[in-house]
Number of protein chains: 2
Amino acid sequence: MEKVAAQCLGPRDRIVGTARSLFHKLGIRGVGVDKIAEEAGTNKMTLYRHFDSKDGLIIECLRSVAAEGRKFCNDIEAAHPGDALAQLNDWIAFAAGHLESDCRGCDLTNASVELADTDHPAHRVIEEFKAEHRAWLKKICEGLGVADPEMLANTLTTLLEGARVARQSDKRGGPKTDFTAMASAVVASYARK
Amino acid sequence: MEKVAAQCLGPRDRIVGTARSLFHKLGIRGVGVDKIAEEAGTNKMTLYRHFDSKDGLIIECLRSVAAEGRKFCNDIEAAHPGDALAQLNDWIAFAAGHLESDCRGCDLTNASVELADTDHPAHRVIEEFKAEHRAWLKKICEGLGVADPEMLANTLTTLLEGARVARQSDKRGGPKTDFTAMASAVVASYARK
DNA sequence: TCGCTAAGTTACAGACCGGTAACACTCCCG
DNA sequence: CGGGAGTGTTACCGGTCTGTAACTTAGCGA
């Protein structure tokens, strides 16, 4: 069959890419390793030669998602060196773009909901990235010179988290376009203080 | 065994109560009908006499959660008739209380994440309640006389949605206590306009 | 006491899942 | 040309899941 990803990548990368896509669409518990392997143009044995278990594949996928998130942050920072306001606006625009193009939310957040067991190693990866991202946004907010940069950063991340998860249970056009307005209003209110 | 709910209720109510509790703790896909029946002090056959399928039980549980949410709204409204600000403060306090006492978030939101298939009938129940709740909060915000009551209501619901889902991937003390501060700041900034 | 209904019990079917064993193949490097 | 690592293929194991069948028991009203 070799559905889509018949790219010139090794089996391992194809498996991670396919798994990420399927986990995103169907949920982690909604797809089996057999389907992942087949969709990646390989088979289950090869999958288990690269990953010790499904859980191992899951955390590899989440790490990959986190790495992408870090890259976005770095790109934003590199695009407007020293200009905190431009960086924040880019962050808002990037988030809004995500909301527009995709209605299944954040893979890390979804995983934390699906993997209810707190002891699951995936939670470490998720918590680490979320904390890192909050700290990064806080640093940017500090560059704005507002009164309470930490609370502004927390408000913005919470707002984004809510918008992304709400998009899955909100069938009006709402959250995607609303986010920019809500976030901008929050930023403006903090800047005014 | 008859774990906990050996109350004087019919099997049906015990099943719904137990299912809600287990779905909440372990996730919908993380618990089987057999475990639900056993924990409810009955058995699988009786469960299937009252519900046509696990999906049927799921939507019954979600309806029950939604009904509880409506009751909270009604209680808030009844406690401060005509006083929109007091109602809003109650809503914030109630939400903060929820964040403090529970770290597994909103059952409806979690279900919308777990049941990735958009055609699943549960999504109808979830979307309906979320829309209703947004409209209810919007009505209250209109009573405040602020400039843009709808955007304030959307900001607050999105903030709560984010705080509840973030609580599952945020192991610092954060979201619970932060929510009151963030929400109050948002309300204040809208009132000031 | 009779008889009906709701509930409990046991067993099972069929599907899917994660994970493994054994073996055949291909392709690249020396 | 030879050999070994990486990959593909098939079959299987044990467990769990939803859902059903057939039968027994308990309670309650007439």
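Would you mind ranking A:Tyr190, A:Tyr48 by Cβ crowding within 10 Å, fewest neighbours first? Write out the running numbers ahead of the final one.
On the way: A:Tyr190 21, A:Tyr48 15.
Least to most surrounded, the residues fall as A:Tyr48, A:Tyr190.
For a footprinting-style exposure proxy, rank A:Phe94, B:Phe51 by other Cβ within 10 Å, fewest first.
So the residues, fewest neighbours to most, are A:Phe94, B:Phe51.
Beyond 20 Å, what share of the Cα-Cα pairs of chain B is found? Please give it as a whole percent.
60
In whole angstrom, note down how far apart the Cα centers of segment A:135-193 and segment B:76-100 are.
23
Of A:Ser64, A:Ser53, A:Ser112, which is the most mobile in a GNM of chain A whose springs link Cα atoms less than 10 angstrom apart?
A:Ser53
Taking neighbour counts of Cβ atoms within 10 Å as a proxy for exposure, in what order, fewest first, do A:Met182, A:Met45, A:Met151 appear?
Neighbour counts put them in this order, fewest first: A:Met45, A:Met151, A:Met182.
Dipole of segment B:76-122, Cα-centred, from +1 at each Lys and Arg C-beta and -1 at each Asp and Glu C-beta, to the nearest 20 debye?
With Lys and Arg at +1 and Asp and Glu at -1, about 120 debye.
Which links in A:Lys171/B:Lys35; A:Lys130/B:Lys71; A:Lys25/A:Lys171 stretch past 26 Å when you go from one Cα to the other? Don't jump to the answer; show the numbers that get you there.
On the way: A:Lys171/B:Lys35 34 Å; A:Lys130/B:Lys71 34 Å; A:Lys25/A:Lys171 17 Å.
Table pairs above 26 Å Cα-Cα are A:Lys171/B:Lys35; A:Lys130/B:Lys71.
Among A:Thr42, A:Thr177, A:Thr118, which one shows the highest mean-square fluctuation when chain A is modelled as a Gaussian network with alpha-carbon springs under 10 Å?
A:Thr118
Once fully extended, how much extra length lies between B:Ala147 and B:Asp13, figured as 0.36 nm per residue of separation less the alpha-carbon to alpha-carbon distance?
43.7 nm
Suppose you put the label 7 Å out from Cα in the Cβ direction; list, shortest first and in nm with one decimal, how far B:Lys44 is from each other copy's label.
Its label point is 2.2 nm from the equivalent points in the other copies.
Pairs of alpha-carbon atoms within less than 8 angstrom and 6+ residues apart define the contacts here; what relative contact order does segment B:74-193 have, in percent?
33
If you place +1 on the Cβ of every Lys and Arg, -1 on the Cβ of every Asp and Glu, and leave all else neutral, what size is the dipole of chain B about its Cα centre, to the nearest 20 Debye?
360
Express in nm, to one decimal, how much length is gained between A:Lys25 and A:Lys171 on full extension, taking 0.36 nm for each residue of separation and deducting their alpha carbon distance.
50.9 nm
Cα axis of helix B:174-192 to longest principal axis of chain B: angle in degrees, 0 to 90, nearest 10?
Rounded to the nearest ten degrees, it is 40.
Using a Förster distance of 56 angstrom, determine the FRET efficiency expected from the C-beta separation of B:Arg192 and A:Asp55, and round it to 0.05. Walk me through the numbers on the way to the answer.
Numbers: r = 50 Å, r/R0 = 0.89.
Result of the calculation: an efficiency of 0.65.
Readers should treat all values here as calculations from the given coordinates under stated rules, not as data from a laboratory. For clarity, every value in this text was computed on a predicted model and none was experimentally measured. Please note: Cβ atoms are built from the backbone with ideal geometry, for glycine as well, and neighbour counts cover all protein chains shown.
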